[in-house]
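We did not get these values from a lab; they are worked out from the coordinates using the rules stated. Here the structure is a predicted model, which means the values were calculated and not measured. Glycine gets a Cβ as well: all are built from the backbone with ideal geometry, and neighbour counts include every protein chain shown.
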Amino acid sequence: MKANIGIKEDDKQQVCLQLNKLLADEFVLYTKTKKAHWNVEGADFHSKHLFFETQAGQLEQTVDSVAERIRSLGHYAVGTLVDFLAHTHLTEDSRSPNDSLGFIKELLENHESIIEYLRAEINTFANIYHDQGTSDFVTGLMEEHEKMAWMLRAHLR
């Protein structure tokens, strides 16, 4: 059954296209954070292992909430690795060694990339696609990423 929620179908389709790109970014970042959790080495192994695990848990919830937002608009969320890689703005390649500093720098870059994407889309969702709900939703996600980026950045001082 169609979701009759006061947003034109063409607008919902465009919103969900952008949300599927975001979902792909979130899933790739989640996967990279799990990789850091599994593979970090060095004298600070234990603390960073736990830190990356916490961030991965937060991202897992974010992935789920983005997919549920897409479904609440009456569309389907992408859900295969091929789809995620086709839609993401991020690269899955790791250019860093398996030390905490390398992982932190790379994950920070990815969070900041997602923050910039979200900030650019907030007004588009509200003003172009007339979807204040998604605009509010991505504002909250942006704030979550800003906090996670701050936590990563604090390790670089």
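Numbers for the structure displayed
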read-out: Enumeration of residues in segment 76-103 that are within 16 Å of the chain's Cα centre (by Cα) and of a type in the set (A, V, I, L, M, F, W, C); value: A77, V78, L81, F84, L85, A86, L90
read-out: Candidates E60, E116 - the one that is surrounded by fewer than 14 Cβ atoms within 10 Å (Cβ to Cβ), of a type in the set (D, E) and within 13 Å of the chain's Cα centre (by Cα); value: E116
read-out: Checking R71 against (1) assigned to a helix (DSSP H, G or I); (2) surrounded by 15 or more Cβ atoms within 10 Å (Cβ to Cβ), the condition it does not meet; value: (2)
read-out: Extreme residue, surrounded by the fewest Cβ atoms within 10 Å (Cβ to Cβ), among residues of segment 5-39 that are assigned to a loop (DSSP other than H, G, I, E, B) and touching a Gly at 6+ places or on another chain (Cβ under 9 Å); value: I5
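Let's see how each residue does on (1) touching a residue at least 60 places away in the same chain (Cβ under 8 Å); (2) in a helix (DSSP H, G or I); (3) surrounded by 16 or more Cβ atoms within 10 Å (Cβ to Cβ); (4) of a type in the set (V, I, T):
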| residue | (1), (2), (3), (4) |
| --- | --- |
| E92 | yes, no, no, no |
| N110 | yes, yes, yes, no |
| T124 | yes, yes, yes, yes |
| V138 | yes, yes, yes, yes |
| L141 | yes, yes, yes, no |
| E144 | yes, yes, yes, no |
| A149 | no, yes, yes, no |
